1. Which order do the peptides 246-254, 205-213 take when ranked by the mean count of other beta-carbon atoms within 10 Å per residue, highest first?
2. Once you list every other residue whose beta carbon is under 14 Å from the beta carbon of residue 55, what net charge do they have if Lys and Arg are +1 and Asp and Glu are -1?
3. Go through 85-97, 221-233 and give me the packing order, highest mean Cβ count within 10 Å leading.
4. In the full protein assembly as shown, how much of residue 15 is accessible to a 1.4 Å probe, in Å² to the nearest 10?
5. Give me a comma-separated list of calculated 3J(HN,Hα) values for the stretch 193-199, in order, Karplus coefficients 6.51, -1.76, 1.60 applied at θ = phi - 60°, integers in Hz, x for any Gly or Pro.
6. Can you tell me the accessible area per residue over the stretch 1-99, all protein chains present, probe 1.4 angstrom, in square angstrom?
7. Check each of the trypsin sites (Lys or Arg not before Pro) in the stretch 1-39 and keep only those in coil by DSSP with at most 14 other C-beta atoms within 10 angstrom; list them in order.
8. Provide the three semi-axes, in whole Å and in decreasing order, of the ellipsoid equivalent to the chain as defined by the square roots of 5 times the Cα gyration tensor eigenvalues.
Amino acid sequence: MQEFTEQNLADAVVDRMSSQTDPRLRQVMTSLINHLHAFVREVELNEAEWMQAIEFLTATGQLCDDSRQEFILLSDTLGVSMLVDAINHRRPRGATENTVLGPFHVDGAPVCELGTDISRGIEGGQPAFVSGRVLDEHGAPVVGALLDVWQVRPDRLYDVQDPESPEMQLRAKFRTDADGRYYFHTIVPVSYPIPDDGPVGRMLTALGREPWRPAHMHFIVSADGYAPVTTHLFVRGDPYLESDAVFGVKKSLIVDFEKSTAAAAPDGAPMDGAFYIAEYDFGLARS
Ligand code: BEZ
Ligand code: FE
């Protein structure tokens, strides 16, 4: 009979896998078991800490339902989501970089006419006009590309976090025109804290970390024959760009929101006060 020791127990667990185990599952589980055992040996985990970890993971799972995904939040705040994202979306030069999807995307946002105001009269934001083009790797316009857009409200909540909210607040889809151009009206996005009233929030507090995300708008840009891009545009100058709670900021995704006092927006819409203009061209790579 084999004696299990601190040093050989990981090998013994790996050896228990059946020879029929799917090769990729074997590779992933072998590595996971080896890293997990090495971690426990390295920190010499005590029993109270082990139980605390079990209780933390239990609470994380118990908080998950259709509208709250605490495990994704855990993955995001530990940088795992961005690492998986980076490994899976190595893009050619010129293609827009990916960043986290986040938990607040909703399927079924309405396809709106270019120029629509997606804030739909919401109170408290600074008006903004956002435009640009969707281009292929040669800089040619991608006609009919679909942009799925969503952003947080001025009260720092997404519509889905407020049971009283009208549906699809600050959400819309747009199709690029014959020049590959898109444009719409909205409000300047604001920074906001990720949900921090659960185990992940308690973890951040224990680690002396902030829950804040810098102001951003979310986009999923897709077109037939191209790899879709899930990304954000961040507001230059935001104080949390260097300390995003989920490590999602990339320099190439930071844009200027420039103040304008013109009487009309670039699409000709009359403006009755100061507003902000942001411009960004998305690059798509062939799939
Ligand atoms: C978001 O940007 O919507 C988000 C991303 C990761 C975690 C929480 C929120
Ligand atoms: Fe967000």
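1. Working: 246-254: 17.1, 205-213: 14.1.
The peptides rank, most packed first, as 246-254, 205-213.
2. Details: positive: 202; negative: 47, 49, 70.
Around residue 55, the charge tally is -2.
3. Details: 85-97: 13.7, 221-233: 19.6.
Listed from highest to lowest mean packing, they are 221-233, 85-97.
4. Accessible area of residue 15: about 120 Å².
5. After applying 6.51 cos²θ - 1.76 cosθ + 1.60, I find x, 5, x, 10, 9, x, x Hz.
6. I get 76 Å² per residue for the stretch 1-99.
7. Sites meeting the loop and neighbour criteria: 16.
8. On the way: eigenvalues 363, 108, 50 Å².
Taking √(5λ) for each eigenvalue gives 43, 23, 16 Å, largest first.
The values are calculated or read from the model by the stated rules, or taken from the named source; none is laboratory data. On a predicted model such as this, the values are computed, not experimentally measured, just so you know. Note that we place each Cβ from the backbone using ideal geometry, even for glycine, and neighbour counts take in every protein chain shown. These area figures cover heavy atoms from the full protein model, side chains too; ligands, DNA and RNA do not enter into them. Shrake-Rupley method; radii C 1.70, N 1.55, O 1.52, S 1.80 Å.
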